[in-house]
1. Under 6 Å between Cβ atoms, which residue pairs at least 6 apart in sequence (or on different chains) link something in region 79-108 that is touching a residue at least 24 places away in the same chain (Cβ under 8 Å) with a partner that is exposed (fewer than 12 other Cβ atoms within 10 Å of the Cβ) and of a type in the set (G, A, S)?
2. Filter region 40-50 for residues that are part of a helix (DSSP H, G or I) and touching a residue at least 60 places away in the same chain (Cβ under 8 Å); which is surrounded by the most Cβ atoms within 10 Å (Cβ to Cβ)?
3. Take the residues in region 20-39 that are surrounded by fewer than 10 Cβ atoms within 10 Å (Cβ to Cβ) and in a helix (DSSP H, G or I), then tell me which one is modelled with the highest pLDDT.
4. For region 4-19, name all the residues that are part of a loop (DSSP other than H, G, I, E, B) and within 12 Å of the chain's Cα centre (by Cα).
5. Can you find a residue that is of a type outside the set (F, W, Y) and within 22 Å of E24 (Cα to Cα) anywhere in region 113-132?
6. Which one is nearest to the chain's Cα centre (by Cα) among residues in region 35-60 that are closer than 12 Å to I147 by Cβ and of a type in the set (A, V, I, L, M, F, W, C)?
7. Could you tell me how many of the residues in region 69-103 are farther than 18 Å from N131 by Cα and among the polar types (S, T, N, Q)?
8. With region 51-159 as the region, which helices (runs of 4 or more DSSP H) entirely inside it contain at least 2 residues that are at pLDDT 90 or above and closer than 23 Å to T17 by Cα?
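The values are calculated or read from the model by the stated rules, or taken from the named source; none is laboratory data. Computed from a prediction, not measured in an experiment: that's the story for all the values here. Neighbour counts run over all protein chains shown; Cβ positions are idealised from the backbone, glycine included.
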Amino acid sequence: MNEKIFDAAFLSRLASTVESIEREDRDRNDAHPLNAEDYEVIYTAYADSGGDPEVARRRIATARNQRDQALGRILQFVSDQYGFGPIEHLDEQRLTDVARDAFDAAGCWMEDVERQPRLPAQETPLHALLNTHYWLHESLLDLHDEIFWPVAKRIFPRR
């Protein structure tokens, strides 16, 4: 499968779309996500504890970009199934609708993988895209655990 690469402008647009979908779906009991100021405090504390915040930023940015590229490919697959064409050319409403379907598919895949770690014997193109996104997302979470969690736990004990 030829992997499409999305430019930074589209990935930023996609991130905004996904953020609005997540905000719509967020349950009142969900933990509040960190904001930009929280991340700056964490990076400062990371530096104070001997870590290199620029290296950490680059590692997280690279992992996030890889994960977002994978999500974009899922969106493109869904858009192709609907006959909508390149996702970069979709209007905001259509992009949101496609993103919601792709996001739901990725969420269901994550739940399925966590419940039964054996993948289906016959992998479809969509399964391959979902699986790639899953493992890239897990890698990003691992980086957050490695870099952010020890520091965040120390400076934000009540969250």
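1. Hits for this filter: zero, empty list.
2. Applying the filter and picking the extreme gives I42.
3. The qualifying residue modelled with the highest pLDDT is E37.
4. none
5. Looking through region 113-132, none of the residues is of a type outside the set (F, W, Y) and within 22 Å of E24 (Cα to Cα).
6. By that ranking, first place goes to I60.
7. The number of residues fulfilling the criteria is 4.
8. Ranges flagged: 53-82, 92-115, 125-147.
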